[in-house]
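A.B. asks: Please read through the structure below; I'll follow up with questions.
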Amino acid sequence: MTYFLSIFFYFILIRIHYILNVILQICLLNIFLGTNFLQFGYESIKLFRFGLNQPESKYFPRETFCDFYVREPLRGAEPLQRITVQCVLTVNLFNQVKIVIARN
């Protein structure tokens, strides 16, 4: 019986550790981002409930500018040409949805 009580005690202790770890990570996220990140999920769900589009987030930009080089062999003197285009960051769209779901 003592063996099972000690296993149960360690189980509860580890669960408390998990909860404290989550609380600490949320607090650190608030400190590093410099805003009230606790309200981010609530605001996102509220917008979703009323059928509004979620505004552009400064933490998860949906679009940015990407620079890449293209080699054009027929161009002559300039073998690499730098091109700047607008890129959609689909990973940030998924990350934003995951955090909203996880927060609520």
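A.B. asks: At 7 Å along the Cα-to-beta-carbon direction for both residue 27 and residue 52, put a label point, then send me their distance in nm to one decimal.
C.D. replies: For residue 27 paired with residue 52, the spin-label model returns 3.2 nm.
A.B. asks: While we're here: For the peptides 84-91, 41-48, what is the packing order when you average, over each peptide's residues, the other Cβ atoms within 10 Å and list the highest mean first?
C.D. replies: Top to bottom by mean Cβ count within 10 Å: 41-48, 84-91.
A.B. asks: List every residue whose amide H lies under 5 Å from the amide H of residue 87, counting only residues 5 or more places away in sequence or on a different chain, with H placed 1.01 Å from N in the peptide plane.
C.D. replies: Residues meeting the amide H criterion: 64, 65, 66.
We did not get these values from a lab; they are worked out from the coordinates using the rules stated. Bear in mind the structure is a predicted one, so any value in this text is a computation, not a measurement. Neighbour counts are summed over all protein chains in view; Cβ atoms, including those assigned to glycine, are modelled from backbone coordinates with ideal geometry.
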